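Notes to accompany the following structure.
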Amino acid sequence: MAMSSTPQNTENSFIKKLKASGRSLIVFYGSQTGTGEEFAGRIAKEGTRYRLKGMVADPEEYDMEDLIQMKDLPNSLAVFCLATYGEGDPTDNAMDFYEWLQNGEADLTGLKYAVFGLGNKTYEHYNEVAIYVDKRLEELGATRVVELGLGDDDANIEDDFITWKDMFWPTVCEHFGIEGAGEDVSIRQYKLTEHTDSVPERVYTGEVARLFSFINQRPPFDLKNPYLAPIKVNRELNKGGDRSCMHIEFDIEGSKIRYDV
Ligand SMILES: Cc1cc2nc3c(=O)[nH]c(=O)nc-3n(C[C@H](O)[C@H](O)[C@H](O)COP(=O)(O)O)c2cc1C
C-alpha cells in the first residue's frame, strides 16, 4: 500500500478508478483463505441491484489514504470484510491498512462505511480486527451506515453473512434514499438477438454434442449423447397424504445401456 502525500497514480488510486467507472461502492477485503474475498465480491456484485455499482478491492493494492476523499464522491460507501488471525491480527493483505488506522490520525469525516468481520469463536481474540476497524473508523470521523456484522466460522459463517446482508441492503438503501430497498430486481445478463439468416440444418436445439442426436438416436449413449428412454411406468406409490413418491420405469431396450443397482 502506498502511503505518500505525492499525487497518486491511477493504478493505486481507488477513487480515480471509482470515478472513471461510475462506481460509488467499494468493498475491501482482508482475507487469507478466500472467504472474506468471496463475501466482498458478492456485496460488490449485488450493488448493481440497488443502483450502487461496486468494485472489490485488495487494500494492499491501493492507497488507503484515498478514504479521506471518499466524501467527495456522491452516495459513496466503503465496506470492509475483514478476517482475524493469530493474536487478533489482520490478514497479510490488510496489515498496512490496519497499521495506518492504528498509527495515523487521518480525518475521515464524511466517509460512509460498514464492516463485516470473519472470525471463529473458539479463538481468544474473536473478530478483533473487524471490531477494532469498525470502532476506529468512527473515531476518525467516519459515519457507520450499517451496524458491525460478525461471522463465526465455528458455527455457520455463511448464515451469519446472509443474515447481516439481509439487513445491510435495506439499511444502505434507506440511508442513501434509494427506492426499492430489498427488492430482488433481476439483472439482465443476456441479449436476445433474432437470427433470420440461420440454416435450420445447422441449428442446435438442445443437443449436447451431435446435431439432431435427439432425432437420430445412435449408441453409444452417455452424458453427451443421452438416450431418450420412453417412460413405461409412472405411478404414485403413496395413497393419500401430502407426500409423494413416484415409481418410474424407463424402457432402455435396444439402447445397449447397462446399469448396476
Ligand atoms: C490459523 C488460524 C488462526 C485464526 N485466528 C483467529 C482469531 O484469532 N480470531 C478469530 O476470530 N478467528 C480466527 N481464525 C478464524 C478465521 O478468521 C476464519 O476462519 C475466517 O473465516 C477466515 O477468513 P478468510 O478465508 O477470508 O481468510 C483463525 C483461523 C486460522 C486458520
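The values are calculated or read from the model by the stated rules, or taken from the named source; none is laboratory data. Worth saying up front: this structure is predicted, and the values here are computed from it rather than measured. Note that each Cβ is placed from the backbone with ideal geometry, even for glycine, and that neighbours are counted across all protein chains shown. Remember, those area values only see protein heavy atoms, side chains included, never the ligands or the DNA or RNA. Shrake-Rupley method; radii C 1.70, N 1.55, O 1.52, S 1.80 Å.
Numbers below:
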item: Heavy-atom accessible area ranking, 1.4 Å probe, most first, across 145, 203; result: 203, 145
item: GNM flexibility winner over the chain from 18, 211, 150 (Cα, springs under 10 Å); result: 211
item: Cleavage-rule hits (trypsin sites (Lys or Arg not before Pro)) in region 185-261: DSSP loop, at most 15 neighbouring Cβ within 10 angstrom; result: 188, 191, 210, 224, 239, 243, 256, 258
item: Beta bridges by DSSP in region 10-176, antiparallel share as percent, to the nearest 5; result: 10 percent
item: Principal-axis tilt of helix 128-139 within the chain, Cα atoms, nearest 10 degrees; result: 50 degrees
item: Over region 101-183: Rg over Rh, Cα atoms, Kirkwood Rh; result: 1.03
item: Under the Debye formula (equal points on every Cα, no solvent term), log10 I(q)/I(0) of the chain at q = 0.11, 0.12, 0.17 Å⁻¹; result: -0.73, -0.78, -1.22
item: Integer Hz, Karplus 6.51/-1.76/1.60 couplings in order for region 161-167, x for Gly and Pro; result: 5, 5, 4, 5, 5, 5, 8
item: Per residue accessible area of region 198-261, 1.4 Å probe, in Å²; result: 90 Å²
item: Rounded, prolate or oblate (a/c below 1.5 giving rounded, otherwise prolate when a/b exceeds b/c) for region 16-60 by Cα gyration tensor; result: oblate
item: Sulfur and carbon atoms: percent of accessible area, region 198-261 [1.4 Å]; result: 55 percent
item: Length released on extending from residue 217 to residue 192, taking residue separation times 0.36 nm less the Cα-Cα span; result: 6.0 nm
item: Degrees separating the helix 35-46 axis from the principal Cα axis of the chain, which is the longest one; result: 80 degrees
item: Scaled radius of gyration (Cα, divided by 2.2 N^0.38 Å) that region 152-261 gives; result: 1.89
item: Rough spin-label spacing in nm, given labels placed 7 Å along Cα→Cβ, for residue 42 and residue 96; result: 2.9 nm
item: Accessible-area composition of region 90-155, carbon plus sulfur, in percent [1.4 Å probe]; result: 43 percent
item: Cα Rg, Dmax (largest Cα-Cα span) when computed across region 1-108, Å; result: 13.6, 39
item: Globularity index of region 198-261, i.e. its alpha-carbon radius of gyration over 2.2 N^0.38 Å; result: 1.55
item: Nearest-10 value in Å² for the accessible area of residue 45, using the 1.4 Å probe; result: 130 Å²
item: Computed [θ] at 222 nm, deg cm²/dmol, the chain (DSSP H ≥ 4; -39,500 (n - 2.57); rounded to nearest 500); result: -7000 deg cm²/dmol
item: Probe 1.4 Å, accessible area per residue of region 10-176, Å²; result: 44 Å²
